[in-house]
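The structure appears below as structure tokens.
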Amino acid sequence: MNHIVCIAYVPDTETKIKIGADGKSIDESDVKWIVSPYDEYALEEAIRAKETKGGTVTVVTFGPAKADVGLRECLARGADDAVRIAADGLAQVDSLGVARLLAAAIKPMSFDALWLGNKGAGTDAQTLVPMLAEMLDLPHINLVTKLEWKDGAVTCWREIEGAKEVVEAPLPALLAAQKGLNEPRYASLKGIMAAKKKTITVKTPADLGVDAASISGEKAAVRWTKLELPPGRQAVKLIPADDPAKAAEELLHLLRDEAKVL
Amino acid sequence: MSNILVFVEQRDGKVRKAALESLTLGRALAVKTGGTVAAVVAGSGISGLAGELAAYGAAKVFVADAPELALYSCEGYTAALDAAASAFSPSIVLVPGTMMGKDVAPRFAARRGVGLLSDVMTLEVENGRLVGTRPVYSGKARATVAADPAASLQIATPRPNVFQAAKADVPAAGEAVPLALSGLKIRAKVTKIEAAEGGEIDVAEADKIVSGGRGIKGPENWPILKALCHELGAALGASRAAVDAGWIDHSHQVGQTGKVVSPSLYVACGISGAIQHMAGMGSSKVIVAINKDPEAPMFKVATYGIVGDLFQIVPAMTEAAKRMKA
Ligand SMILES: Cc1cc2nc3c(=O)[nH]c(=O)nc-3n(C[C@H](O)[C@H](O)[C@H](O)COP(=O)(O)OP(=O)(O)OC[C@H]3O[C@@H](n4cnc5c(N)ncnc54)[C@H](O)[C@@H]3O)c2cc1C
């Protein structure tokens, strides 16, 4: 079974966010970057399938040169090959544009399962998975928290409001990982050494036949026109807790009469 | 820009509240675009829903009613949306930002080769294009996102529980228009739905949430929070620390790697308020923090706070809620 795992190299969720000089994007100078956590679940599941059923795992990303660090981390954990679609020098590309680039890179490849995280941490748009599936004419299953491989098919448990949907799809299929699917491993020292020797294939959008100018910046299908710090919340109203019963009583009255939420 | 099409999510023949929120929002936008609002709904044995949708302003209701649409499938429901869009030629499509909506809308957008304003908390029409705002980077920033004004179709998924659902002053016609979907290709099929035990309210849909973290000390103490949930009609949420400790299923987790919620009331009990937790509940209207540590970051976002032991405060809140009802 061959797997492709698309990863995104994103700001660490702990990192401090500063608004960039353009007022539309973040100031990247002090940002710490990580492989998006959902992508780690996807990669782990692909590596586990490779370990039990054989095959290969290829990681693909769309990102600037620094994303190679993320790709090497994936190689160190057990991926065989890595491809980077070069984003260097490009203005912002939205999900539709990223899906176009990934689809162009993946179309000529042969695979049984195409994996993504269910969203990219940071932008959290949750749009890439169904878009990519549509462009590649694949069935997809989103928010997978458990899975069983069948002969030429897969059964997944998908998280929805108040229930889990059990979904079956023939392979090849696009599967999007959610927390709960597995516990991602750390890279071994041996893996880290081996990853250093591997080459990362770099492709430009032009190599893939995509006109980057037509999907980025002012030509992106969705544009970020402004990025700002969130509006501050009003200061907390603290209720003294010396007498828990009285404190609780007062809180509930505030919720009913002042906040009007009860 | 004129006509607006709203995808209506139903499960078991019941229209989801988030769909009524999107219909209400569609009506508000239509006032500005000067167009009419239509709804599209997919399922099996659902033709009776048109009346309810008319009350919320749907002049037309496109109905894809077929046995193979009884359970949700992205391919089937996207085909229904696509067929309705072909029949109605809207310039704006709204899809509620539920698990279903966030699955259908991007697939449809890619089919039409257009972008999608995802998970927006505000949405306006400005100079012929949709403009929205949404929290990004775990709520540490807010982005204004805009659709391509030249796009033939502009699509958005409004975040559930943020926009109001209200009936129109005068019901619309609600003319039911059957959709025949030919050559339906459904590859990813739902074979079964495993419902959560006890018909609990899901945090993603709840208007009120009482949530517990590491501070509750162990799963044996959930009944203390559940009693308050019961009195307030709230859903039970949890921090990742509580989920990872194995105290509760991941479906209850709120945060970056859990569910993103916008209830009118969020009561955080023994949750410190890590940025990844806030990413999931920072847009709640009223936040209550119950924590014995006055320095806990949760107090920085809370509307009301009690510094104290949750094992004393929470049962007292349950009692106070009972008294208030009596
Ligand atoms: C990539 C990534 C994704 C993550 N995603 C999520 C996510 O989706 N959701 C999430 O929640 N976390 C997430 N986290 C984890 C997050 O960083 C925190 O570790 C987690 O939220 C802490 O949970 P907690 O507040 O319950 O525990 P703690 O931080 O340990 O806080 C426990 C709190 O309980 C209080 N307390 C203890 N006893 C009592 C008592 N008797 N009465 C009152 N108060 C008491 C303490 O003062 C303390 O403030 C993520 C982390 C990473 C790196």
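The values are calculated or read from the model by the stated rules, or taken from the named source; none is laboratory data. Since the model is a prediction, treat every value here as computed from it, not as a measurement. So basically every Cβ, Gly included, is an ideal-geometry build from the backbone, and we count neighbours across all protein chains shown. The accessibility values were calculated without ligands, DNA or RNA, using every heavy atom of the protein model including side chains. Shrake-Rupley method; radii C 1.70, N 1.55, O 1.52, S 1.80 Å.
Taking each residue in A:2-13, count the Cβ atoms of any other chain within 10 Å of its Cβ, then average. What number comes out?
Mean number of neighbouring Cβ atoms from other chains: 1.
Using Cα pairs under 8 angstrom and six or more residues apart, how large is the relative contact order of region B:149-248, in percent?
Numbers: 63 pairs, mean separation 24.6, N = 100.
That works out to 25 percent.
Go ahead and run the numbers for FRET between B:GLU295 and A:GLU218, Cβ-Cβ distance against an R0 of 30 Å, rounding to 0.05.
In this case the efficiency is close to 0.10.
When DSSP assigns beta bridges and you keep just the ones with both residues in region A:1-116, what percent turn out antiparallel, to the nearest 5?
The antiparallel fraction comes to roughly 20 percent.
On a 0 to 90° scale, report how tilted helix B:17-33 is relative to the longest principal axis of chain B, with both axes built from alpha carbons and the result rounded to the nearest 10.
Helix B:17-33 and the main axis of chain B meet at about 50 degrees.
Choose one of B:THR133, B:ILE186, B:VAL8: the residue whose Cα lies farthest towards the positive end of the charge dipole of the protein assembly as shown (beta-carbon charges +1 Lys, Arg; -1 Asp, Glu; about the Cα centre).
Final value for the positive-end residue is B:THR133.
To the nearest 10 degrees, how steep is helix B:74-88 against the longest Cα principal axis of chain B, on a 0 to 90 scale?
So the inclination is approximately 50 degrees.
So how exposed is A:ASP94, as accessible area in Å² (1.4 Å probe, rounded to 10)?
So the heavy atoms of A:ASP94 present about 20 Å² to solvent.
Step through the table entries B:LYS32/B:LYS167; B:LYS259/B:LYS325; A:LYS66/A:LYS198; A:LYS32/A:LYS190, compare each Cα-Cα distance with 22 Å, and write down the pairs that go over it.
The pairs that break the limit, which is 22 Å between Cα atoms, are B:LYS259/B:LYS325; A:LYS32/A:LYS190.
Can you show me the helix-derived [θ] at 222 nm for chain A, built from DSSP H runs with n ≥ 4 at -39,500 (n - 2.57) apiece and divided by the number of residues, rounded to the nearest 500.
-7500 deg cm²/dmol
Please give me, ordered by residue number, the GluC sites (Glu not before Pro) of region A:40-140 that lie in loop per DSSP and have at most 14 other Cβ atoms within 10 Å.
Filter output for region A:40-140: empty list.
Full extension from A:ASP137 to A:MET193: what is 0.36 nm times the residue separation minus their Cα-Cα distance, to one decimal in nm?
16.4 nm
Taking Cα pairs under 8 Å and at least six residues apart, what relative contact order does chain A come out at, in percent? Please report the intermediate quantities before stating the final value.
Details: 488 pairs, mean separation 60.7, N = 262.
With pairs under 8 Å counted, the relative contact order is 23 percent.
Considering chain A as a Gaussian network with a 10 Å cut-off on Cα pairs, which listed residue, A:LEU136, A:LEU252, A:LEU208, attains the greatest mean-square fluctuation?
Answer for the Gaussian network model of chain A: A:LEU252.
With respect to the cross-link table entries A:LYS50/A:LYS146; A:LYS246/B:LYS322; B:LYS17/B:LYS285; A:LYS146/B:LYS17; A:LYS226/B:LYS300, which display a Cα-Cα separation exceeding 21 Å?
A:LYS146/B:LYS17; A:LYS226/B:LYS300
Order B:ARG159, B:ARG214, A:ARG233, most accessible first, counting only protein heavy atoms with a 1.4 angstrom probe.
Sorted descending by solvent-accessible area, the residues read B:ARG214, A:ARG233, B:ARG159.
Could you rank B:PHE88, B:PHE108 by how accessible they are, 1.4 Å probe, largest area first? Numbers along the way, then the final one.
Working: B:PHE88 25, B:PHE108 0 Å².
Ranked from most to least accessible, the order is B:PHE88, B:PHE108.
I need the phi-derived Karplus couplings for region A:161-176: 6.51 cos²θ - 1.76 cosθ + 1.60, θ = phi - 60°, integer Hz, Gly and Pro marked x.
Per residue, the Karplus-derived 3J(HN,Hα) values read 5, x, 6, 10, 8, 9, 10, 10, 9, x, 8, x, 9, 9, 10, 10 Hz.
Determine the dipole magnitude for region B:174-297: charges of +1 sit on the beta-carbon of Lys and Arg, -1 on that of Asp and Glu, nothing else is charged, the reference point is the Cα centre, and the result goes in debye to the nearest 20. Could the numbers behind the result be given before it?
Details: 12 positive and 13 negative charges, 75 e Å.
That gives region B:174-297 a dipole magnitude of about 360 debye.
For chain B, with a Gaussian network of springs between Cα atoms less than 10 Å apart, report the residue from B:ASN291, B:ASN161, B:ASN221 with the top mean-square fluctuation.
Looking only at B:ASN291, B:ASN161, B:ASN221, the largest GNM fluctuation is found for B:ASN221.
Return the percentage of antiparallel bridges among DSSP beta bridges fully within the protein assembly as shown, rounded to the nearest 5 %.
Roughly 40 percent of the DSSP beta bridges within the protein assembly as shown come out antiparallel.
Counting DSSP beta bridges in region B:1-153, what percent are antiparallel, to the nearest 5?
50
For chain B, set up a GNM with springs between Cα atoms under 10 Å and report which of B:ALA279, B:ALA180, B:ALA54 has the largest fluctuation.
B:ALA180
How big is the charge dipole of region A:1-145 about its Cα centre, in debye rounded to the nearest 20, if each Lys and Arg gets +1 on its Cβ and each Asp and Glu gets -1 on its Cβ? Don't jump to the answer; show the numbers that get you there.
Details: 14 positive and 21 negative charges, 24 e Å.
Roughly 120 debye for region A:1-145.
Rank A:ILE17, A:SER29, A:THR52 by how far each Cα sits towards the positive end of the charge dipole of region A:1-57 (+1 on Lys, Arg Cβ; -1 on Asp, Glu Cβ) and give me just the farthest.
Checked the options; the winner is A:THR52.
Place a +1 charge on the Cβ of each Lys and Arg in region B:212-264 and a -1 charge on the Cβ of each Asp and Glu, then give the dipole magnitude about the Cα centre in debye, rounded to the nearest 20.
My answer is approximately 120 debye.
Could you tell me which of A:ALA245, A:THR204, B:ILE224 has its Cα farthest along the dipole of the protein assembly as shown towards the positive end, charges placed at Cβ (Lys, Arg +1; Asp, Glu -1), taken about the Cα centre?
Ranked along the dipole, the leading option is A:THR204.
Treating the angle as unsigned and between 0 and 90°, give the value, to the nearest 10°, between the Cα long axis of helix A:68-77 and the longest Cα principal axis of chain A.
Relative to chain A, helix A:68-77 is tipped by roughly 80 degrees.
Go ahead and run the numbers for FRET between B:LYS14 and A:ASP12, Cβ-Cβ distance against an R0 of 41 Å, rounding to 0.05. Intermediate results must be reported in sequence, preceding the final value.
Details: r = 41 Å, r/R0 = 1.00.
Given R0 = 41 Å and the Cβ-Cβ separation, E is 0.50.
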